[in-house]
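Comments concern the structure below.
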Amino acid sequence: MFEHIYALAYIKGMNLNITDFLKQLSDQTRLRSLMLLHKEGELCVCELIHALGLSQPKISRHLATLRDAGIVQGRREGTWIYYSLHSDLPDWALSIIASSSQGTVGIEPFVSDQSSLCQMPNRPGAACCA
């Protein structure tokens, strides 16, 4: 089932247009998640829950929206899903994410998100926290 979902996200990502892309970034939870993913490379859902201080259903719903839009991709490891920026994002989209990331330096809540993530106890390595 998950392979089908990820394949669908890949196909949609091929048709990514700037209007739809920017609509995804207009939501604060999705933007905060993308900024962390840009800085960290890959994060488990539990890391995003901890960093953003939001519930698992809310984080998962926003990640699913980003995945369906082809902006992020998921990798399953056991019962956990690790997310990263989609490997096929066009250069213009990566440039917008990188510029946005630079623009968040020293600005809340992005500073607190990164700090909270760095202070997460038992942060996943080989196995994810609950």
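The values are calculated or read from the model by the stated rules, or taken from the named source; none is laboratory data. In this text, all values refer to a predicted model and were calculated from it rather than measured experimentally. FYI the Cβ positions are ideal-geometry reconstructions off the backbone, even for glycines, and counts take in every protein chain you see.
A quick yes/no check of all residues on (1) over 12 Å from the mean Cα position of the chain (by Cα); (2) surrounded by fewer than 16 Cβ atoms within 10 Å (Cβ to Cβ); (3) β-branched (Val, Ile, Thr):
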position: 29; (1), (2), (3): no, no, yes
position: 32; (1), (2), (3): no, no, no
position: 35; (1), (2), (3): no, no, no
position: 43; (1), (2), (3): no, no, no
position: 50; (1), (2), (3): yes, no, no
position: 56; (1), (2), (3): yes, yes, no
position: 59; (1), (2), (3): no, no, yes
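Determine which member of the set 87, 55, 99, 95 is small (Gly, Ala, Ser), closer than 15 Å to residue 30 by Cα and free of Cβ contacts under 8 Å to residues at least 40 places away in the same chain.
So the residue among 87, 55, 99, 95 that is small (Gly, Ala, Ser), closer than 15 Å to residue 30 by Cα and free of Cβ contacts under 8 Å to residues at least 40 places away in the same chain is 55.
I want to confirm something. Restricting to region 5-33 and keeping residues that are in contact with a helix residue (DSSP H, G or I) (Cβ under 6 Å, 6 or more places away or on another chain) and modelled with pLDDT of 95 or more, which single residue is farthest from residue 50 (Cα to Cα)?
Checked region 5-33; the qualifying residue farthest from residue 50 (Cα to Cα) is 21.
Just one of 101, 116 is small (Gly, Ala, Ser), touching a His at 6+ places or on another chain (Cβ under 6 Å), part of a helix (DSSP H, G or I) and surrounded by 15 or more Cβ atoms within 10 Å (Cβ to Cβ); which is it?
The unique qualifying residue is 101.
Kindly list, by first and then second residue, each pair from a residue in region 69-80 that is over 14 Å from residue 46 (Cα atoms) to a residue that is at pLDDT below 95 and in a loop (DSSP other than H, G, I, E, B), limited to pairs with Cβ atoms under 6 Å and residues at least 6 apart or on different chains.
70/16
If the requirement is being within 13 Å of the chain's Cα centre (by Cα), crowded, with 17+ Cβ neighbours inside 10 Å and part of a loop (DSSP other than H, G, I, E, B), which of these qualifies: 74, 70?
Sole residue among the options that is within 13 Å of the chain's Cα centre (by Cα), crowded, with 17+ Cβ neighbours inside 10 Å and part of a loop (DSSP other than H, G, I, E, B): 70.
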